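Colleague: Please read through the structure below; I'll follow up with questions.
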Amino acid sequence: MYQDLNDPIEVIAVFAGHQLKPMRFKWRERVHKITRVTGSWKKLEGEYLVRYFAVVDDQTNVFQLMYNERLTDWTICKIWVE
């Protein structure tokens, strides 16, 4: 099941083919290398987009990340826990 979070994170991302793609992120002093983006979607909040990414790291942990275009910041929203 997913555990809801709302933690700020630092993200390294690239623009590839006009798409934003997160590559790695730092959360709780640990760097997570993203091996797969399993899904992405966007939601309009007022005049600004919020972009969501479902990702898997190199330890097979599953996360949901959010990029807020208005605030230009990243947040970890969810983590899969068993």
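The values are calculated or read from the model by the stated rules, or taken from the named source; none is laboratory data. Just so you know, these numbers come straight off a predicted model, no measurement behind them. In this analysis, Cβ positions are derived from the backbone assuming ideal geometry, glycine residues included, and neighbour counts consider all displayed protein chains.
Colleague: For the range 62-82, what are the residues that are surrounded by 12 or more Cβ atoms within 10 Å (Cβ to Cβ) and outside any strand (DSSP E or B)?
Modeller: Just the residues of the range 62-82 that are surrounded by 12 or more Cβ atoms within 10 Å (Cβ to Cβ), to begin with: 62-69, 73-80.
Listed by number, the list holds a single entry, Glu69.
Colleague: Name every residue in the range 27-56 that is charged (D, E, K, R) and surrounded by 10 or more Cβ atoms within 10 Å (Cβ to Cβ), in order of residue number.
Modeller: Initially, the range 27-56 is screened for residues charged (D, E, K, R), giving 28-30, 33, 36, 42-43, 45, 47, 51.
The answer is Lys33, Arg36, Lys42, Lys43, Glu45, Arg51.
Colleague: Sort out which residues of the range 45-66 are modelled with pLDDT under 95 and aliphatic (A, V, I, L, M), and write them in order of number.
Modeller: Leu49
Colleague: OK, next. Quick one: what pairs do we get from the range 38-49, first residue free of Cβ contacts under 8 Å to residues at least 40 places away in the same chain, second surrounded by 10 or more Cβ atoms within 10 Å (Cβ to Cβ) and not in a strand (DSSP E or B), C-beta under 7 Å, 6+ apart or different chains?
Modeller: Pairs found: Tyr48/Glu69; Tyr48/Arg70; Leu49/Glu69.
Colleague: Which condition breaks for Asp7 when tested against (1) among the charged types (D, E, K, R); (2) surrounded by 14 or more Cβ atoms within 10 Å (Cβ to Cβ); (3) in contact (Cβ under 8 Å) with a residue 40 or more places away in the chain?
Modeller: For Asp7, the exception is condition (2).
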